[in-house]
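Reviewing the structure listed below.
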Amino acid sequence: MKKPYDGYMGKVLFVDLTNRTHSLYPWTDADRRRTLGGKVMAADILLRHIQFGMQAFDEDNWIVVTTGPLTGCGCPNSSRFNISTISPLTGILTSSNCGGDFGLWLKRCGYDAVIFTGKSKTPVTVSITHNDVVFVDASSLWGMTTTETQERLPRRSGKLVIGPAGEHKVLYACVFSGERTAGRGGVGAVFGDKKLKAVTAFGTSLPDVRDREKLRNTNEKWVRTLKTHPLTGRQLPKLGTAGLIAPMQAHSILATKNFSAGRFDGFEKICGEELAEKHLVRNAACTTCAIRCARMVKVDDKIVKGPELEILGLLGANILNDDIEKIIRWNYVLDELGMDSISAAGTVAFAMELKEKGVRDFGLEFGKTDNIEEMFHKIAYREGDGDILADGSRKMSERFGGKEYAIHAKGMELAAYEPRHAVGHGLGYATANRGGCHLNAGYMVVVEGLGLDVDSLTPHGKAALAIMFQNLMEAVSAGGECLFTSYAVLPGFLIDKPNWPLTKIILAAFPYVGPVVNLLSHFTKAAKINIPLLPESYAIKYATGIPSTMGAMLTWGAYGYNTERIANIILGQKADADQLPKRLTDEAQNPDDPRTKVPLDKMKKVYNRARGWKNGVPTWHRLKTLGVPITREVYDAAVKEAYR
Amino acid sequence: MANVTVKLFGVFRVDTHTPSIALQAEKLKDVFPALQDKLGQLDSGLQFKDATVYINGESCKKKSRALQDGDEIWLLSPASGG
């Protein structure tokens with residue numbers, strides 16, 4: 001009998017680390033159609049499981065590793081997988097996306113997802129195959145770096161590992177698969193708390209697809225689009241994300257000196273062009289990637305993953321360091337220790353400002369770089385002051401003060417984009433479900449100056465655009481796709497021909513299309529069309545048989561965003577928690593131009609109305625319209641707590 | 001004619017292997033053909049006149065802008081990432 005949907009393997013593995021047992025988690029075709037997969041699927045699973053007051057290091061906090069239906073179906077850039085859990089850094093859900101090959105291997109074992117619960121008493125590696133799940137003693141791996149650990153696991157398998165930072169429960173520890181990382185929100189600390197040192201997966205299955213011929217045609221066109229688009233076919237392969245440093249400097253959005261400015265005099269020494277000319281050994285790519293944005297560089301005679309934009313900015317301009325060789329080395333050290341470079345760097349910058357303001361001296365100061373590597377080691381092993389920095393900037397500000405310049409949202413340190421010259425991006429940071437994440441934010445900077453030159457200081461239309469991009473990227477991620485593929489949705493001529501009269505007219509009108517975008521975002525099912533600029537939608541239809549359209553994509557996105565949000569409310573997020581540090585909302589970046597701060601309250605009013613939320617809390621009507629699985633009783637109790 | 005420095009970023013720099021170049025030009029619009037003459041066509045097909053332009057750190061969209069001695073001109077290509 002024909003399965004209702006192809007593209008999926010049809011099973012979700014449930015692993016109990018306490019009792020060392022495994023079973024199947026019930027997941028139906030209706031669930032697949034409602035959530036698509038990836039982070040939306042994980043949010044749905046976690047919403048059904050979480051309880052009031054549950055915390056990251058509770059035994060029954062689940063780690064949910066999910067794939068999307070396009071993974072394994074031959075689509076470009078489709079090897080992304082997701083890890084969701086309660087974050088120890090923020091206390092709410094985190095969803096951390098990774099480009100390693102573990103997701104593909106997991107599907108080859110016959111599973112769309114794996115859930116981990118419980119805690120092992122001793123270090124353990126969970127080995128997943130077609131027929132079995134084996135719990136292997138990992139005592140000999142405990143203490144090893146991420147590379148050492150992976151070298152000791154079976155070569156022909158997908159791997160998930162943590163490093164020393166995860167073992168010591170650094171609140172922003174991450175998980176590695178190959179050289180790629182599920183970086184944000186501290187998923188590595190939850191692995192460490194469960195003594196889960198590693199997971200391996202080996203299998204040989206592949207998903208069926210619904211219409212192989214049409215999918216092949218779609219994929220061929222899709223690859224052509226990605227390879228010829230100005231962003232995905234030219235800038236990213238040539239310069240990687242590091243190519244953003246110079247445009248960010250120009251647009252005054254390069255976070256500098258703990259986000260006190262948007263430009264750095266030494267930017268030319270740390271920019272992507274410098275990296276490409278003097279340090280790049282070769283490009284690299286995630287499995288199935290057609291873009292190849294990753295940079296490989298040399299450290300200690302080894303060829304290793306090079307720095308991305310985030311670490312170049314946050315360990316460059318943001319701490320007043322213009323030595324790119326040091327950044328390359330720190331990037332390697334952080335990867336080996338298994339730490340999120342964004343949160344680590346943001347926390348270090350905050351510590352530097354605490355010293356500058358005479359609040360607390362951690363031995364770190366702006367422009368001083370000789371002891372930073374040592375501090376990273378101290379953080380990973382929670383030694384000395386490293387134990388304090390291992391808890392992130394929010395907890396440090398609660399202890400020592402400086403909340404107005406502790407640069408985080410909901411406890412997660414902000415990425416390298418200074419939002420006072422890209423106010424829509426600021427709204428995105430504040431409203432992102434997992435905290436100060438640029439991608440979960442909707443990546444508004446791509447239209448506010450970097451890719452398109454839309455007025456970056458006006459609040460007009462930004463709420464509507466942020467919602468549309470947030471929903472769209474949520475759905476792209478749920479399909480198993482790299483978010484960078486979504487940049488190709490922007491027509492190439494708007495990017496390549498910024499001085500054409502037609503481009504200027506379209507860009508000038510961009511901030512005023514809010515009402516139309518709002519309608520699309522609110523009545524997502526109405527957009528029953530597919531557009532060539534969004535090949536994901538065609539691919540989902542031909543891979544799975546699910547009647548995917550642009551409206552369906554926006555619906556999956558809205559469903560995911562609302563599901564994560566109400567889960568966060570149950571986990572204790574308060575009403576009106578969508579905030580930014582006062583430095584970004586109350587102090588103009590340019591004292592002579594009052595527009596250079598984030599008019600957050602003004603934009604949030606529009607945002608909440610368009611989302612169907614009140615003070616950041618989804619209304620009951622909105623959740624029911626989307627079909628989010630929550631009872632009225634739980635909803636009422638959660639909302640009451642949110643306003644307490 | 002003003003003596004100016006043009007700094008190239010993004011695809012402009014990678015394709016031409018030229019971080020910066022000194023030029024003489026009266027107006028901004030004169031800079032683009034001068035660059036074309038000195039550096040040739042870009043591998044990627046992008047044209048200098050389509051660059052995002054900053055002069056002395058300020059955005060400049062006027063091609064007729066008169067240049068002055070010592071002006072520093074940045075030419076940038078569009079970018080994205082994450």
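Readers should treat all values here as calculations from the given coordinates under stated rules, not as data from a laboratory. Predicted model, so just to flag it, every value in this text is computed and none were measured. Cβ placement follows ideal geometry from the backbone for every residue including glycine, while neighbour counts extend to all protein chains displayed.
Relative contact order for region A:523-644: what percent, with Cα pairs under 8 Å and sequence separation of 6 or more?
With pairs under 8 Å counted, the relative contact order is 25 percent.
Can you give the charge dipole size of the protein assembly as shown about its Cα centre, rounded to the nearest 20 debye, using +1 on the beta carbon of Lys and Arg and -1 on the beta carbon of Asp and Glu? Don't skip to the end; give the middle numbers.
Values: 91 positive and 79 negative charges, 485 e Å.
It comes to approximately 2320 debye.
Per 10 Å bin, what percent of the C-alpha pairs of region A:12-202 does each bin hold, from zero upward?
Reading the bins upward from 0: 10, 41, 39, 9, 0.
Considering the Cα trace of region A:206-306, what is its radius of gyration and what is Dmax, both in angstroms?
Cα radius of gyration and Dmax of region A:206-306 are 17.8, 54 Å respectively.
Taking Cα pairs under 8 Å and at least six residues apart, what relative contact order does chain A come out at, in percent?
Relative contact order comes out at 16 percent.
Just want the answer: with Cβ charges of +1 for Lys and Arg and -1 for Asp and Glu, which residue in B:Ala66, B:Asn56, B:Leu42 is farthest toward the dipole's positive end in region B:2-76?
About the Cα centre, the residue reaching furthest to the positive side is B:Ala66.
Counting only DSSP beta bridges with both residues in region A:12-202, what percent are antiparallel, rounded to the nearest 5? Could the numbers behind the result be given before it?
Numbers: 31 of 42 bridges.
If I count the DSSP bridges inside region A:12-202, around 75 percent turn out antiparallel.
Please state the shape class of region A:504-559: rounded when a/c is under 1.5, otherwise prolate if a/b exceeds b/c and oblate if not, all from the C-alpha gyration tensor. Could the numbers behind the result be given before it?
On the way: a/c = 3.35, a/b = 1.76, b/c = 1.91.
Taking the square roots of the gyration eigenvalues as a ≥ b ≥ c, region A:504-559 is oblate.
According to the square roots a ≥ b ≥ c of the eigenvalues of the Cα gyration tensor, what is the shape class of region A:250-413, taking rounded for a/c under 1.5, prolate for a/b larger than b/c otherwise, and oblate for the remainder? Mind showing how you got there, number by number?
Numbers: a/c = 1.85, a/b = 1.53, b/c = 1.21.
The shape class here is prolate.
Sticking with the crude label model, points 7 Å out along Cα→Cβ, report the distance from A:Asp31 to A:Lys640 in nm, one decimal please.
Roughly 3.0 nm, to one decimal.
Working from Cα positions, state the angle (0 to 90°, nearest 10) between the long axis of helix B:28-39 and the longest principal axis of chain B.
60
Give me A:His22, A:His621, A:His438, A:His130 ranked fewest to most by other Cβ atoms within 10 Å of their Cβ, as a rough exposure proxy. All intermediate terms of the calculation are to be shown ahead of the outcome.
Working: A:His22 19, A:His621 9, A:His438 24, A:His130 13.
Going from sparsest to densest Cβ surroundings: A:His621, A:His130, A:His22, A:His438.
What percent does the relative contact order of region A:250-413 come to when contacts are Cα pairs within less than 8 Å and at least six residues apart?
In percent, rounded to a whole number, it is 18.
Report, in whole Å, the centroid distance computed from the Cα atoms of region A:331-346 and region A:245-293.
Cα centres, region A:331-346 to region A:245-293: 17 Å.
For the protein assembly as shown, what does the helix formula give at 222 nm: sum of -39500 (n - 2.57) over DSSP H segments with n ≥ 4, over the residue count, nearest 500 deg cm²/dmol?
Roughly -10500 deg cm²/dmol at 222 nm, from the helical runs in the protein assembly as shown.
Pull out a ≥ b ≥ c, the square roots of the eigenvalues of the alpha-carbon gyration tensor of region A:159-237, then state rounded if a/c is under 1.5, prolate if not and a/b is larger than b/c, and oblate in the remaining case.
Oblate, since a/c reaches 1.5 and b/c is not below a/b.
Please report, for the Cα atoms of chain A, the Rg to one decimal and the Dmax as a whole number; what are they, in angstrom?
22.6, 71
For A:29-36, what's the mean count of beta carbons from other chains sitting within 10 Å of each residue's beta carbon?
0
Based on Cβ point charges of +1 for Lys and Arg and -1 for Asp and Glu, what charge dipole magnitude is obtained for region A:1-40 about its Cα centre, in debye rounded to the nearest 20?
Once rounded to the nearest 20, the dipole reads 120 debye.
Looking at the protein assembly as shown only, what percent of DSSP beta bridges run antiparallel? Nearest 5 please.
That works out to approximately 80 percent antiparallel.
At a 10 Å Cβ-Cβ cut-off, how would you order A:Trp500, A:Trp62, fewest neighbours first? Intermediate results must be reported in sequence, preceding the final value.
Values: A:Trp500 13, A:Trp62 22.
Placing the least packed residue first, the sequence is A:Trp500, A:Trp62.
Please state the charge dipole magnitude for region A:574-644, taken about the Cα centre, from unit charges on C-beta atoms (+1 on K and R, -1 on D and E), reported in debye and rounded to the nearest 20.
The calculated dipole for region A:574-644 is roughly 300 debye.
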